[in-house]
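The values are calculated or read from the model by the stated rules, or taken from the named source; none is laboratory data. This one's a predicted model, so the numbers in the text were calculated from it and none came from an experiment. Quick reminder, even Gly has a Cβ in these numbers, built from the backbone with ideal geometry, and neighbours come from all protein chains shown. We work out accessible area using only protein heavy atoms, side chains counted, and drop any ligands, DNA or RNA first. Shrake-Rupley method; radii C 1.70, N 1.55, O 1.52, S 1.80 Å.
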Amino acid sequence: MNVRPVRNKDAPRLVDLLSRCFSEYPGVVVEPDGVDSDLNTYATALENLGGEGYVLDEGDRIVALVSGAPLTETTYQLKRIYLDASLRGTGAASRLLDLIEGRARALGAKQVELWSDTRFARAHRFYEREGYARTAETRLLNDASNTEECQFIKAFGKMR
């Protein structure tokens with residue numbers, strides 16, 4: 001397995017990864033021509049935000065994606081983190097999250113925020129184990145999946 005920066009030409013394999021992940025949740029779909037249109041040129045989309053993304057590449061398949069971008073001088077946003085079911089429970093998600101949190105710290109962020117579909121309970125347990133706290137904030141995406149997202153924030157506290 002190879003960790004590398006995401007590339008624009010990864011688009012079909014990113015859509016495939018998200019489709020595999022979303023298939024576990026009835027009614028949740030990827031919308032490459034809608035809410036997920038940034039996946040079509042994801043490296044460029046992240047670059048335009050001052051962010052970065054990484055994939056775990058397993059030959060002809062991408063098995064994981066993590067990405068983030070600064071929101072403000074003090075807040076960095078985890079944009080996406082998805083893992084193929086075969087990687088869950090292996091520690092891969094924590095290692096990928098460390099890449100994004102490391103970047104956030106390097107830029108002087110005091111916290112990382114993320115938004116997650118309210119149906120993704122397994123992911124929520126992972127975020128909480130990683131030190132994220134769920135806030136009372138929610139938002140509706142008005143997409144084909146009728147997505148309602150909840151916010152999680154991890155404050156870094158005193159820097160070393």
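A few remarks follow.
- Search result, residues across segment 1-58 that are in contact with a Lys or Arg (Cβ under 6 Å, 6 or more places away or on another chain) and within 18 Å of S116 (Cα to Cα): Y25
- Residues that are more than 18 Å from L96 (Cα to Cα) and either among the aliphatic types (A, V, I, L, M) or in a strand (DSSP E or B) (or both) within segment 58-77 comprise L71, T75, listed in sequence order.
- Sole residue being under 14 Å from the mean Cα position of the chain (by Cα) and modelled with pLDDT of 95 or more, chosen from L49, L14: L14
- Which listed residue is among the charged types (D, E, K, R), assigned to a strand (DSSP E or B) and open to solvent by 20 Å² or more (accessible area, probe 1.4 Å), from R95, R80, R105: R80
- Complete set of residues in segment 108-160 that are more than 20 Å from S67 (Cα to Cα), loosely packed, with under 11 Cβ neighbours inside 10 Å and of a type in the set (K, R): K158, R160
- All positions within segment 58-70 that are surrounded by 17 or more Cβ atoms within 10 Å (Cβ to Cβ) and without any contact (Cβ under 8 Å) to a residue 60 or more places away in the chain: I62, A64, L65, V66, G68, A69, P70
- Number of residues in segment 101-160 that are among the polar types (S, T, N, Q), over 19 Å from E24 (Cβ atoms) and more than 14 Å from the chain's Cα centre (by Cα): the value is 4.
- Residue pairs meeting the criteria (Cβ under 8 Å; at least 6 apart or on separate chains; first without any contact (Cβ under 8 Å) to a residue 12 or more places away in the chain, in segment 101-116; second open to solvent by less than 10 Å² (accessible area, probe 1.4 Å)): none
- Here the condition is being surrounded by 14 or more Cβ atoms within 10 Å (Cβ to Cβ) and of a type outside the set (A, V, I, L, M, F, W, C); of T75, T90, it holds for T75 alone.
- Index of the failed condition, A69 passing every other in (1) closer than 16 Å to P12 by Cβ; (2) in contact with a Lys or Arg (Cβ under 7 Å, 6 or more places away or on another chain); (3) among the hydrophobic types (A, V, I, L, M, F, W, C): (1)
- D10 being among the acidic types (D, E), surrounded by 14 or more Cβ atoms within 10 Å (Cβ to Cβ) and assigned to a strand (DSSP E or B): no
- Selection of segment 13-57 for residues being assigned to a loop (DSSP other than H, G, I, E, B), over 14 Å from Y82 (Cα atoms), open to solvent by less than 50 Å² (accessible area, probe 1.4 Å) and without any contact (Cβ under 8 Å) to a residue 60 or more places away in the chain yields P32, G50, G51.
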